[in-house]
1. Under the condition of being farther than 30 Å from LYS131 by Cβ and among the charged types (D, E, K, R), which residue from segment 37-57 is surrounded by the fewest Cβ atoms within 10 Å (Cβ to Cβ)?
2. Being open to solvent by less than 70 Å² (accessible area, probe 1.4 Å), more than 28 Å from ASN64 (Cα to Cα) and under 22 Å from the mean Cα position of the chain (by Cα) is the requirement here; does ALA33 meet it?
3. Would segment 98-117 turn up any residue that is within 24 Å of ARG175 (Cα to Cα) and within 21 Å of the chain's Cα centre (by Cα)?
4. Going by the conditions given, is TYR120 touching a residue at least 12 places away in the same chain (Cβ under 8 Å), buried (at least 16 other Cβ atoms within 10 Å of the Cβ) and either among the aromatic types (Phe, Trp, Tyr) or in contact with a His (Cβ under 9 Å, 6 or more places away or on another chain) (or both)?
5. Filtering segment 190-206 down to residues that are over 10 Å from ASP177 (Cα atoms) and of a type in the set (A, V, I, L, M, F, W, C), which residue is most open to solvent (accessible area, probe 1.4 Å)?
6. Considering only residues that are farther than 26 Å from LEU91 by Cβ and surrounded by fewer than 13 Cβ atoms within 10 Å (Cβ to Cβ), look in segment 3-15 and name the one that is farthest from the chain's Cα centre (by Cα).
7. Please give the strands (runs of 3 or more DSSP E) falling wholly within segment 1-60 in which 1 or more residues are over 16 Å from SER74 (Cβ atoms) and among the basic types (Lys, Arg).
8. Looking only at residues that are under 20 Å from SER94 (Cβ atoms) and touching a residue at least 40 places away in the same chain (Cβ under 8 Å) in segment 160-208, which one is farthest from the chain's Cα centre (by Cα)?
Amino acid sequence: MYGASKSLMVHGSIYQSDYYQGAQNFEGGSVYAKYRFLSIDSVQSHFRGAFFAKASRINNPISNQEISLDGDNSGFQGGVVFTKLMHKFALSGSASYLHAMDNTGGYHLPISNANNAVAYSLSAGYLLLPKTYQNYNQVNVNVYVELLGKTNPGYNQNYLDAAPAVQLIFNSVFRIDFSYRAPLWNNMQRISNNNYLVRLEYNLFNIL
């Protein structure tokens, strides 16, 4: 992941697993970019908007009806996200369009008219600690919850998941998230309905 400027971030991913094959297999990759077009900042408050786009090329068999560009489907995605920060409370929402294509290796979509989907999300977070900021070395403790949904009109299928989480940030550069994701509503065939997530992210500033 690379921050090219204050407005542009690019992100590349590669995928490997033994989920679809009998042994470890290189499954392909994806590229993602986000461009911030709106930034209204004030003291302890901001409102920001960004466009994002993603493209993937995957060589796995297609066995699920959910369109997912993270190692499952070849295709592209485009959308918009808005974020509002009000002191210790943050609210974010996004909407995007996904289009799936046949995977490489001769793997075809099972139904040609079910290759489009709409994804949407709404999240809210609150800063628990520190109660008062003194310096950037203080540990931040955030709690947040995400609502994550997707609709595929070709299959007439939908899901809406809830994902509560706890987030720790150390020295303003090292982030750890613990999250659990479960469906509130689901009639879509996908890899899994329930997920635990542990995320570790370290940011390197001013290296270029």
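The values are calculated or read from the model by the stated rules, or taken from the named source; none is laboratory data. Predicted, not measured: the structure shown is a model, and the values here were computed from it. Counting neighbours? That spans all protein chains shown, and the Cβs are built from the backbone with ideal geometry, glycine included. SASA here: full protein model, heavy atoms, side chains in, ligands and nucleic acids out. Shrake-Rupley method; radii C 1.70, N 1.55, O 1.52, S 1.80 Å.
1. Taking the candidates together, the pick is ARG57.
2. Taking the combined requirement at face value, the residue does not satisfy it.
3. Within segment 98-117, none of the residues are within 24 Å of ARG175 (Cα to Cα) and within 21 Å of the chain's Cα centre (by Cα).
4. When the stated conditions are applied, TYR120 does not pass them.
5. PHE205
6. It comes out as ALA4.
7. Answer list for segment 1-60: 25-42, 45-58.
8. Selected residue: MET188.
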